[in-house]
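The values are calculated or read from the model by the stated rules, or taken from the named source; none is laboratory data. Computed from a prediction, not measured in an experiment: that's the story for all the values here. All Cβ positions, even for glycine, are placed from backbone atoms using ideal geometry, and neighbour counts span all protein chains on display. Accessible surface is based on the protein model in full, side chains and every heavy atom, while ligands, DNA and RNA are left aside. Shrake-Rupley method; radii C 1.70, N 1.55, O 1.52, S 1.80 Å.
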Amino acid sequence: MIKINNEISFSIQDTLFVFALGSEAGKVFDHINKLITGIGKVNAAIELTKAIQKNKPKLIINLGSAGGIGFHKGEIICCTQFIQRDMDARGLGFKKFETPLSDIPIILENGLKMDSLKEGICGSGDSFETNHINTEYNVIDMEAYPLALIARQENIPFLCLKYISDDAGSDAADDWSVQVHLASEAFRKILFNDEI
């Protein structure tokens, strides 16, 4: 069982574990319902939509590496709010990060909370940040926003856990390449009680 908190748990068989890269999943998730989407928001949206139609999961868990501001490398953060950080239609009179002509809020709130983890606001975009300047979000990734949005629209519970691999600064790429391989074991310790 995946225990989210004292009130909520799901069976492993009913859960879809979503990663951008195989290196984030390691071998820990080889024998369960795992989806590798590829990098970026478009790939994530396409692959999750297909997987939902095929597998009809009762829980979607997005696991992956991310930059983090105010967190330590190796820490796992539970993201319950999401921003599409590369959406910028201010030239048309819209607010920063606002999706024009939609009812999607700038900060998308969706996601289960794990009591033992710190919470973060995840900014997703199709760029690898190495000079973080935005204060609206403190976790930086490339896929979580569309996953959270699709899960909300499909009315499927969603959990997003990000392994902090770097600080989105000038050394982010080097830090990420080392840290990404440690993520799967950290996720295993939090999610499973030696069930897999």
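Miscellaneous remarks
- Dipole of the chain [Lys/Arg +1, Asp/Glu -1 at C-beta], most positive-end residue of Asn62, Asn138, Ile52: Ile52
- Solvent exposure of the chain as accessible area per residue, Å², 1.4 Å probe: 48 Å²
- Between the amide H of Gly111 and those of Phe158, distances stay under 5 Å, these residues lying 5 or more places away or on another chain, with hydrogens modeled in the peptide plane.
- Across the options Ile4, Phe19, Ile83, the greatest Cα extent toward the positive end of the charge dipole of the chain (unit charges at beta carbon of Lys, Arg, Asp, Glu) belongs to Ile4.
- Per-residue HN-Hα couplings for segment 55-69 [Karplus 6.51, -1.76, 1.60; θ = phi - 60°; Hz; x = Gly/Pro]: 9, 6, x, 9, 8, 10, 10, 8, 10, x, 8, 7, x, x, 10
- Lone cysteines, the chain (no partner Cβ under 4.7 Å): Cys78
- Segment 1-132, accessible surface, carbon-and-sulfur percent (1.4 angstrom probe): 52 percent
- Sequence of Ser65, Ser102 when ordered by accessible area, the most exposed leading, probe 1.4 angstrom: Ser102, Ser65
- Close amide H contacts of Leu35 (hydrogens built in the peptide plane, cut-off under 5 Å, sequence separation of 5 or more or a different chain): Phe17, Val18, Phe19.
- Longest DSSP-loop-exposure-free segment, GluC sites (Glu not before Pro), the chain, at most 16 other Cβ within 10 Å: 8-74
- Cα centre as origin, Lys/Arg/Asp/Glu Cβ charges: the chain dipole, Debye: 540 debye
- Percent of beta bridges antiparallel (DSSP, the chain, rounded to nearest 5): 30 percent
- Residue order by solvent-accessible surface for Asp166, Asp115 is Asp115, Asp166, largest first, with ligands and nucleic acids left out and a 1.4 Å probe.
- Shape call, the chain: gyration tensor on alpha carbons, a/c limit 1.5: oblate
- Taking every DSSP helix (H) stretch of at least 4 residues in the chain, weighting each as -39,500 (n - 2.57) and dividing the sum by the residue count yields a mean residue ellipticity at 222 nm of -6500 deg cm²/dmol.
- Cα-based shape type of segment 91-172, given that a ≥ b ≥ c are square roots of the gyration tensor eigenvalues and the cut on a/c is 1.5: oblate
- For segment 34-110, a/c is not less than 1.5, where a ≥ b ≥ c are the root eigenvalues of the C-alpha gyration tensor, and a/b does not top b/c. That puts it in the oblate class.
- Between Phe17, Phe97, Phe82, the residue with the greatest mean-square fluctuation in the GNM of the chain (Cα pairs under 10 Å linked by springs) is Phe97.
- Gaussian network model of the chain, Cα within-10 Å springs - most flexible of Gly64, Gly91, Gly120: Gly91
- Using a cut-off of 22 Å between Cα atoms, the listed pairs Lys54/Lys162; Lys3/Lys162; Lys73/Lys96 include Lys54/Lys162; Lys73/Lys96 as exceeding that distance.
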